[in-house]
Amino acid sequence: MAEKVKEVKAFGGRGARGAPRPKVKNPGVLFMRVMRYIFKNYGVSMIVVFACIIITVFANIQGTLFTKTLIDKYIEPMIGQDNPDFGPLAGAMARVALFYLTGIVASYVQARTMAKITQGTLKNLRIELFEHMESLPIKYFDTNAHGDIMSVYTNDIDTLRQMISQSIPQLLNSAITIISVLGSMIVLNVPLTIVTIIMVFVMLFASGAATKASGKNFVAQQKNLGKLNGYIEEMMTGEKVVKVFCHEAKTIEDFDKYNNELFEASFKANAFSSILGPINAQLGNVSYVICAIVGGALALTTASSTGAGVAFFLALTHLFGSLSIGGLASFLTFNKNFSMPINQVSMQFNSIIMALAGAERIFRLLDEKSETDDGYVTLVNSKMENGKIVEASEHTGHWAWKHYHQADNTTTYQPLEGDVTFNDVDFGYDDDKIVLHNIVLHANPGQKIALVGSTGAGKTTITNLINRFYDIQDGKIRYDNININKISKKDLRKSLGIVLQDTHLFTGTVAENIRYGKLDATDEEVKAAAKLANADGFIRRLPEGYDTMLTGDGANLSQGQRQLLAIARAAIADPPVLILDEATSSIDTRTEKIVQDGMDKLMMGRTTFVIAHRLSTIRNSDCILVMEQGRIIEQGNHKELLEKKGKYYQLYTGNKTDITA
Amino acid sequence: MSELLSPLAQLKEFKKTAIVSPLWMIGEVICEMIIPILMGKIVDEGIGNKDMGYIASTGILMLGIALLGLFCGCMGGLTRSKASAGLSRNLRKAMHDNIQTFSFANIDKFSTSGLVTRLTTDVSNIQNAFMMVLSMAVRAPMSMIVAMILAFYLNARIASIYLIAVIILSIIMGTLMITTTRYFKKVFERYDQLNESVQENVSAIRVVKAYVREDYENNKFKKAAGNIYEMFLKAEMRLACIGPVMTTTINVCILLISWIGAHMIVSGSLTTGQLMSLLAYCMNILMSLMMVSMIFVMLTMSEASVRRIAEVINEKSLLTNPENPVMDVKDGAIEFKNVDFAYKKEAKEPVLKNINLSIKSGESVGIIGATGSAKSSLVNLISRLYDVTSGSVTVGGVDVRDYDIETLRNQVSVVLQKNELFSGTILDNLRWGDPNATQEECIRACQMACADEFIERMPERYNTHIEQGGSNVSGGQKQRICIARALLKKPKILILDDSTSAVDTATDAKIRKAFNDEIPNTTKLIIAQRISSVENCDRIIIMDNGQINDFGTPNELLERNEIYREIYESQTGSSADADFDEKN
């Protein structure tokens, strides 16, 4: 009986019966990997579940067989007795009650354990996915659509949840039930068993045909759904334009066309899948009826073997053994219990394949190679002792590179200064497509280097090499004269402050967002950083000041305000080297001035790489690099470059002539 | 509950199908229910009386009923699919039709992504739920009732056990379901939070890595994942009770029936066949009850979708056509009288404060000011994309609220700041401005907007296909096509809302020159960041913090207005701030 209960539970999960199966390359291998993952942490629990399922199925069969005992052993003999003794019956019922109880306890234990296994496995998997994702190189995020990564956490995990919590135990249950019910049926009566099996094949054939037909239509439905959804997305995005151009009528006309097409397809697809249910149910009934007739005839010959029975049935009885009325009753229950799990197995199969497609994507993410880090030079707090730099365990405000030399087993300390050199660097996102060529530059500590050039010239790419978001193909980048490949990535990045082109803020308060740059910063430090970035003023005007909650990437702030927060975040980290990839094109001139002031204050005394397009930022740089198509084509300060009358001069004067046009 | 039923109003032509479908279902259920009774008869009359003929005839009757049940079931399935697919079609249409009447304010309220979700995911949810309701919600109670009636017909005493079991079970299940749904709701809330945190990390991965905050984020995520684990486990632990409770009830019933049944058979008041039928009904009744409770859970889950859809269908457009609309716009004169405007009525501070403004027909007016100074809000009132909160805006001497909206918008052509192109050829897109425009007219408009030069260089020129959202043209090209599209309306007023920000300065100047030469009588309003875009206008409006700071000719402003001078000097002259970002 427990399997019936489960079936009801299952229908809540997936609606698309008869939906086409997604293609999975190695379902067996994947399935084993999922199982291994579950067993890793919940091996014992899984064995408990397995045992519980066997106990439950066994108890159910005992319960069904009880009907036979009840009628044959107790009721039939007692009919007609004057003083029937119900004592033996009471004893038998107590035994059955015990079976029932065992079954119930087992199924309860199973359900609870399974819940723990499922949720625990999912929790581990989520955490593992997330931690692994955090360790992946930037390249992974460049090459994978963010929506796809998200859907691993949402859709794929969810189908896997259904597979672990429902499909696997149900499949187990069904398999055990089928075997044991089949066994019991054979024991009860062979011809009836054969009838039942034949009917099951008819059922599988019929539902297979319906599934095939509906699968084809489901594909059509998905296609039309995609078309309509695409149209909806496009039109809703442009809805304001539709209004401005009074295009409503035409839009409705097109929408109706797509909408009707979807209706037709959706009707057909669902029609085929919705007759699957009745086909299975009623063919099950037909099987039940045939068994009833054949069984009735058999029981009749058994009951009247001495009477004027038909010789044919008599012969049958001799061949296949007899059938009592109680036996018939039990058999009929088995008949129902047999077709149900078979149907379920085919349904579960579909959903397992669907879940495996999700599992494939989950494992693909887990199999992505993490960012490697062979750096051994680390950043430590330092202090001067007898004119020598030594490591300090407390926060001193001074930093030094701790460099261990394997050759002579010595450790040297070297102060963190912020000297950056590029030595003939080539870089490409792929090995065969180099986007930066022969980059040579040298930034002395405290110098300001400006990168100028059109979009796509490679300005941002250069800055991404310094903090090793990407690794170079050829050449050398040195930081304080240490090859950056030798520096531990963690410490390298700690020593660099970055304000990115796109500002990203996190859900949390304003103060928390600033503190992101230095987790143990005091409130005073947060305020000081905000003041430095010219952000203090607007923060204090926010409804709850520094405690204002930011959500959705700081959607409640203006572009300029978000940028000021990003500057404050960099300021609090107080790094010796700064990278400012400013994107102020969408900020008006006046707001930009405020942002600029904040940036200027931040740049003071630090080595700064600044990507800029406003002259005021560029002109007082120590060195301006003019980039074009991945190459530095000019290099020098403002005055030198103007005298050169090259590209920089062109950019500079070209704009000016435009202004007066 | 009445809210849950509200989408049913959209069934319309499928109402009949939706009513017929459960009837077929009932037919199927009745057929299924008769079979155990006939089975009992075979045992009692056929086997009992050793009547092979009876067994055969009853058997054939049973087969016939099973086939009839199959037919009813298939018909039920077909009608059900049709009704639910029809319902979802009509829901989508009702929403979409109503969205077309929405004002900008209505659209802002729901947001684009909100509307997309409602039209797609939410409708699918309802379609699935409705399918389920049509099959299960009718089938389960029906089979419960039919089985109960038949059970009472067979033996009232034993049937009353079922009745008691049903009552007890529904109380237990009800409480279980209610508490579980509450937990699940909490789970879904936490889910959203978790997903948000993943989303944030995916898009801000550079920040995370730049600040070496991987461990920090991992710890945050671990906590969130742990939270979900606990909540989910609580909910599932309650669900875990359902199966055993169900089985216990069924088993107790079977034992009771067996015991009582045995006594009754022995005393002759019940036959063996009847006992078998009764045992079969026992499962039927209790399983149906189980289904009813599952349906209840599913309905509460689709409740949110229903509510969201109802919101869109019932939303009244905030802008309606007046009763006797003015169908003709006389000229391009614009006047603002004491205008206050706020996007939301409950807003404390209006976005525009006390605007008084008079623009002559044919004048070209530039508008500059800081971000957030309400430049766009100002011009959006002219074509009545929003209604003023107080005061009035007149075009051609008539209050914009007295015009037929379509007439007004055709004469006041706006190039929105956030503009969109649609998938289709360039010509298709241009003809949004004028569906009857000839190719020559389209080319002419593109020449004015300086779009002709790059379109001619495209492989299929004016028949080049534009991808969704205009993703295969650059920002500057997109802006120029949008301007050409607006020009094709041949409007009396043309409004450019920062529409040349991605166009290089030289081309920008060319476009403005074309305007002056070709459409001198059209009133032109130009919002811009670049001083060069507006310094040749007749007059310039300086917006500051929702108010008009100054309004005058460029020379006047240069003399008297500090903000203007500041912007002017930062962009031109000796301390010029040249723009080094090459536009393309």
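The values are calculated or read from the model by the stated rules, or taken from the named source; none is laboratory data. Computed from a predicted model, the values in this text were never measured in an experiment. Cβ placement follows ideal geometry from the backbone for every residue including glycine, while neighbour counts extend to all protein chains displayed.
Some values worked out for this structure:
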quantity	calculated
Output for segment B:200-222, where each listed residue is over 18 Å from residue A:125 (Cβ atoms) and of a type outside the set (Lys, Arg)	B:200, B:203, B:204, B:205, B:207, B:208, B:210, B:211, B:212, B:214, B:215, B:216
Filter pass, residue B:89 being at the interface with chain A (Cβ under 9 Å from one of its Cβ atoms), in contact (Cβ under 8 Å) with a residue 40 or more places away in the chain, among the basic types (Lys, Arg) and in a helix (DSSP H, G or I)	no
Single residue of B:445, B:437 found to be on the phi < 0 side of the Ramachandran plot, surrounded by 15 or more Cβ atoms within 10 Å (Cβ to Cβ) and not in a helix (DSSP H, G or I)	B:437
Residues satisfying the stated conditions in segment A:358-398, i.e. in a strand (DSSP E or B) and within 40 Å of the chain's Cα centre (by Cα)	A:377, A:378, A:379, A:380, A:381
Filter result for the condition that a residue is within 29 Å of residue A:593 (Cα to Cα) and not in a helix (DSSP H, G or I), over B:330, B:337, B:353	B:353
Test for residue A:266: is it more than 38 Å from the chain's Cα centre (by Cα), crowded, with 20+ Cβ neighbours inside 10 Å and not in a loop (DSSP other than H, G, I, E, B)	no
Single match in A:499, A:452 (criterion: more than 9 Å from chain B (Cβ to nearest Cβ), of a type in the set (Val, Ile, Thr) and closer than 30 Å to residue A:434 by Cβ)	A:499
Residue in segment A:244-278 that is nearest to residue B:107 (Cα to Cα), counting only those that are at pLDDT below 80 and β-branched (Val, Ile, Thr)	A:244
One residue from A:44, A:57 being over 25 Å from the mean Cα position of the chain (by Cα) and modelled with pLDDT of 90 or more	A:44
Answer from B:145, B:99 - the residue that is modelled with pLDDT of 80 or more, assigned by TED's automatic domain parsing to the domain that holds residue B:261 and more than 24 Å from the chain's Cα centre (by Cα)	B:145
Checking residue B:457 against (1) within 19 Å of residue B:329 (Cβ to Cβ); (2) free of Cβ contacts under 8 Å to residues at least 40 places away in the same chain; (3) not in a helix (DSSP H, G or I), the condition it does not meet	(1)
Residues (closer than 27 Å to residue A:132 by Cα and free of Cβ contacts under 8 Å to residues at least 12 places away in the same chain) located in segment A:370-397	A:372
Hits in segment B:241-266 - residues which are under 22 Å from residue A:53 (Cβ atoms), surrounded by fewer than 21 Cβ atoms within 10 Å (Cβ to Cβ) and at the interface with chain A (Cβ under 8 Å from one of its Cβ atoms)	B:241, B:248
Any hit, segment A:518-528, residues being of a type outside the set (Val, Ile, Thr), within 36 Å of the chain's Cα centre (by Cα) and surrounded by 17 or more Cβ atoms within 10 Å (Cβ to Cβ)	yes
Number of the exception - residue B:156 against (1) within 18 Å of residue B:286 (Cα to Cα); (2) buried (at least 21 other Cβ atoms within 10 Å of the Cβ); (3) among the small types (Gly, Ala, Ser)	(2)
Odd one out for residue A:153 among (1) more than 8 Å from chain B (Cβ to nearest Cβ); (2) within 30 Å of residue A:429 (Cβ to Cβ); (3) at pLDDT below 90; (4) touching a helix residue (DSSP H, G or I) at 6+ places or on another chain (Cβ under 7 Å)	(1)
Matching entry among A:180, A:174 (being more than 14 Å from chain B (Cβ to nearest Cβ), farther than 30 Å from residue B:71 by Cα and crowded, with 17+ Cβ neighbours inside 10 Å)	A:180
